[in-house]
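The values are calculated or read from the model by the stated rules, or taken from the named source; none is laboratory data. Bear in mind that the values here come from a model prediction, so they are computed numbers and not experimental data. All Cβ positions, glycine included, derive from the backbone under ideal geometry; neighbour counts span all protein chains shown. Note: accessible area is taken over every heavy atom of the protein model, side chains too, but ligands, DNA and RNA are not part of it. Shrake-Rupley method; radii C 1.70, N 1.55, O 1.52, S 1.80 Å.
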Amino acid sequence: MKPLTEYRRKRRFKETPEPAPQRAQKSANNRFVIQKHDATRLHYDFRLEIDGVLKSWAVPKGPSLNPADKRLAMETEDHPLEYAGFEGVIPEGNYGAGPVIIWDRGTFTIEGETPADRQWERGELKFVLHGQKLRGGFVLVKLHRPTGSGKPWLLIKHRDAAANPRWKIEAHDGSVVTARNLQEVEAGAPASAAEGQPAPPPESARKTRMPRSLHPMLATLVDKPFSSPDWLFEIKWDGVRALAWIEDGKLELRSRTGRVITSHYPELASLPEQVRAGTAILDGEIVVLDRKGRSRFELLQPRINVSSPVPALRESAPATYFLFDLLYSDGYDLRNVPLIERKERLRQVLDPSPPFVYTAHQFEKGRELLEAARKQGLEGIIGKRKSSFYSETRSPDWVKFKITREVDAVIGGYTAPRNSREFFGALLLGLYEGKALRFISGVGTGFDRKKQEKIYHQLQKLKSDRCYFDERPQTKEKAYWVQPKLVARVKYGNWTKDRHLRVPVFLAILKDHRPEDCWFNIETPAHTAAVVNKTRARKAAGGKAPALGMDVLSTRQAVEKELFRGSAENVLVEINGKRLRLSHLNKVYFPQEKYRKRDLLAYYFRAAEYVLPFLKDRPLVLRRYPDGITGESFFQKEAGEAVPDWMETIAIPSEEKRRDIHYFIANDLAALLYLTNLGCIDHNPWAIRRDDLERPDFVFFDLDPSEGTDF
């Protein structure tokens, strides 16, 4: 049978607005669409782009993010790719008469090495959805037992970071394209969103002005690769980290230290034309690729620190910008949005044509990707927790596995030249451990004469009579000391037992790296033996796995000690069997008084016994201050979906939204600390309790005397 024959047979295209297929066509877009369809019975049409058509299933109860829901999915005829954009009313007397909306859409990624068409043929199709409502892993399993007519399958959600046991499809009505429901489509109501535009911002996005400065989030070096369903993995590009600011059609590139480097890479000036956003901040890596498509730092070196490069240099070392994160877009700060949602939004707004590349990722299979990278001669891979926020610090939620061993170290001196050299023999390198600069090696190879001369002149400006190393290195030639203000990247064979580098080779001077960031515990790998067990346990806050190497504070005394007298940036606590992650504890929330976020949490920890009786069973409207009391705040009603399983909410009908809104309820210490950790300096309860929503039991008087009033 020819492709789409059954689809054509069932329709009279002069009478129905459904698209007539032009012809079956191949595409690499991997689109999916779910259309809510009120025909003879209300159902959801689930469609995946496979082998040039939309493979289709009718799901009577609709898909679910709850892994416990096993949804019957009846296979139907293939649909043309054009059908993915259909929303409207099929007239009476036609097959499938009734209104249709595009309930969800996006792309999907096949799990495993077997192609989608082969998986479909064998009756077990595993995939990951990147939609506006549905995300994460699913499986379609064909049933081989008789269930009457038709071809029955089961649609099941995997247990991963996107799973939500409390998910209800009734709370997710409306088209993701026009914001209309079925009744509005049938009544001919106008659309309130334009097709082709990016999805509305996630609920956890914060509406605010574009930040003027940002610190890039950095990965923790670890010793062994791992695989985990809670993580995604990307190729590690060997180049220069760059944040891109887009505003008023103009681009500004900044290095990891905030230095403007736009003029260094003029071939990237067209990025604003390839991003469907008026204002945006993107994160990525600028590289130069070799003939096999591999990034090579030594190929980029001639471009580093060269402003307005001549055409010949641009031609011999053309820059490519690999983009892997979106931090801000059209009025919304996305840093508190989970990584997997940020990446999907980046994919929606970016036109990835040369010299710009969207950085693809592999779910779960870290070991396999690292081995593939090793075979291709790449530098390594990056692992990122799918649910992680963008923390602007070095975080255990992002980890890196290096194949090529490199270290960024501080130059503390140099030795006198030997043999035929004119300028110096070796650079003397160190890493910080506390306040002490520890000597790790001299590096005397990797230079040509031109490099030596340039570095020598830089060193002369920093020459000092003082040795800044904690212990004076023993050298064969005379040593000269310099102020520790330059950072060098070197590759090496391995570390010796006395913590020196074996066989180091100089690569480059890094102007965009600060010496004070070169630490032993950063440049030597953290131990990851327990990471797989921890991530699979999934007992951390909000259902997330514990952060790498993070212990759980499980007694009241331990939690109290850390909040009042500790120094950790992030901690995992367990209170009455409920786990949550307290993050950015040392961030200043009250600048004048120097109170930090940990001080706010400590206050509510002690005051809980007085606060909780009043908050009990009351719906809460959050007022969040992510940058402290002097920063911009915003109100949040909807609890959202990425909340811990133990967190209580209450559904209250909203006339404005024409659906229920799920409000937080804080009935215990764990809930109070969870909301405070979101940045709630003050907590705003309703005047009613959930057992009687019609009768307030409290009156609030809001008195706002102006300055100078004799109140």
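Here are a few things to note about the model shown:
- Residue in region 112-121 that is in contact (Cβ under 8 Å) with a residue 40 or more places away in the chain, in contact with a Leu (Cβ under 9 Å, 6 or more places away or on another chain) and of a type outside the set (K, R) present: yes
- All positions within region 327-377 that are among the β-branched types (V, I, T) and touching a residue at least 60 places away in the same chain (Cβ under 8 Å): V337, I340, V349, T359
- Some residue of region 59-72 being surrounded by 15 or more Cβ atoms within 10 Å (Cβ to Cβ), in contact with an Asp or Glu (Cβ under 9 Å, 6 or more places away or on another chain) and more than 18 Å from I169 (Cα to Cα): no
- The one condition from (1) open to solvent by 50 Å² or more (accessible area, probe 1.4 Å); (2) modelled with pLDDT of 50 or more that I575 does not meet is (1).
- Hey, R695 charged (D, E, K, R), out of contact with any Cys (no Cβ under 8 Å at 6 or more places or on another chain), farther than 27 Å from H584 by Cβ and modelled with pLDDT under 85 or not: no
- Selected residue (criterion: surrounded by the fewest Cβ atoms within 10 Å (Cβ to Cβ)) from residues of region 326-349 that are farther than 11 Å from Y390 by Cα and acidic (D, E): D330
- The residue pairs whose first member lies in region 281-303 and is over 30 Å from G331 (Cα atoms) and outside any loop (DSSP other than H, G, I, E, B), whose second member is open to solvent by 40 Å² or more (accessible area, probe 1.4 Å) and hydroxyl-bearing (S, T, Y), and whose beta carbons are closer than 8 Å, counting only pairs six or more residues apart or on different chains, are P302/S316.
- Test result for K400, part of a strand (DSSP E or B), open to solvent by less than 50 Å² (accessible area, probe 1.4 Å) and either closer than 30 Å to K478 by Cα or touching a strand residue (DSSP E or B) at 6+ places or on another chain (Cβ under 8 Å) (or both): yes
- Given (1) crowded, with 17+ Cβ neighbours inside 10 Å; (2) assigned to a loop (DSSP other than H, G, I, E, B); (3) more than 22 Å from the chain's Cα centre (by Cα), index of the condition E113 fails: (1)
- From E111, E75, E87, residue being touching a Pro at 6+ places or on another chain (Cβ under 8 Å) and either more than 29 Å from F363 (Cβ to Cβ) or among the charged types (D, E, K, R) (or both): E75
- With respect to the conditions (1) crowded, with 17+ Cβ neighbours inside 10 Å; (2) part of a loop (DSSP other than H, G, I, E, B), A687 lacks only one, and its number is (1).
- Residues satisfying the criterion are present in region 375-382 (criterion: part of a helix (DSSP H, G or I) and either in contact with a helix residue (DSSP H, G or I) (Cβ under 7 Å, 6 or more places away or on another chain) or at pLDDT below 90 (or both)).
- Members of region 60-104 that are closer than 20 Å to Q183 by Cα and in a strand (DSSP E or B): G88, V89, I90, G98, P99, V100, I101, I102, W103, D104
A quick yes/no check of all residues on (1) closer than 26 Å to P525 by Cβ; (2) touching a strand residue (DSSP E or B) at 6+ places or on another chain (Cβ under 6 Å):
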residue	(1), (2)
E433	yes, no
H457	no, no
E471	yes, no
L486	yes, yes
Y492	yes, yes
F506	yes, yes
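- Only one entry of I681, I652 meets the criterion of being touching a residue at least 60 places away in the same chain (Cβ under 8 Å) and outside any loop (DSSP other than H, G, I, E, B), and that entry is I681.
- Residues in region 663-675 that are in contact (Cβ under 8 Å) with a residue 60 or more places away in the chain and surrounded by fewer than 21 Cβ atoms within 10 Å (Cβ to Cβ): D668, L669.
- Residue list for region 592-634, filter: in contact with a Ser or Thr (Cβ under 6 Å, 6 or more places away or on another chain) and open to solvent by 60 Å² or more (accessible area, probe 1.4 Å): R623, E632
- Looking at R618, R624, R606, R596, just one residue is of a type outside the set (D, E) and under 11 Å from G679 (Cβ atoms), and that residue is R624.
- Scoring A277 on the criteria (1) without any contact (Cβ under 8 Å) to a residue 40 or more places away in the chain; (2) under 30 Å from P202 (Cβ atoms) leaves a single failure, condition (1).
- Counting only strands (runs of 3 or more DSSP E) wholly contained in region 405-524, the ones carrying 1 or more residues that are open to solvent by 50 Å² or more (accessible area, probe 1.4 Å) and over 22 Å from Q301 (Cα atoms) occupy 427-433, 436-443, 479-491.
- Lone qualifier among V399, V407 - being of a type in the set (V, I, T) and either over 30 Å from D160 (Cα atoms) or at pLDDT 95 or above (or both): V407
- Meets criteria (open to solvent by 40 Å² or more (accessible area, probe 1.4 Å), closer than 23 Å to G239 by Cα and in contact with a helix residue (DSSP H, G or I) (Cβ under 7 Å, 6 or more places away or on another chain)) for R394: yes
- Checking K587, K637 one by one, the residue that is touching a helix residue (DSSP H, G or I) at 6+ places or on another chain (Cβ under 9 Å), within 22 Å of F389 (Cα to Cα) and open to solvent by 60 Å² or more (accessible area, probe 1.4 Å) is K587 and no other.
- Boolean, Q22 is in contact (Cβ under 8 Å) with a residue 12 or more places away in the chain, within 30 Å of H144 (Cβ to Cβ) and out of contact with any Leu (no Cβ under 8 Å at 6 or more places or on another chain): no
- Here L580 meets the list (1) under 20 Å from I688 (Cβ atoms); (2) open to solvent by less than 50 Å² (accessible area, probe 1.4 Å); (3) out of contact with any Ser or Thr (no Cβ under 9 Å at 6 or more places or on another chain) almost entirely, failing just condition (1).
- The single condition among (1) under 23 Å from K207 (Cα atoms); (2) without any contact (Cβ under 8 Å) to a residue 40 or more places away in the chain; (3) assigned to a strand (DSSP E or B) that A639 does not satisfy is (3).
- Residue match in region 228-238 (condition: more than 18 Å from the chain's Cα centre (by Cα) and closer than 28 Å to A317 by Cβ): yes
- Leading residue by the ranking (nearest to S387 (Cα to Cα)) among those in region 117-136 that are open to solvent by less than 20 Å² (accessible area, probe 1.4 Å) and modelled with pLDDT of 90 or more: F127
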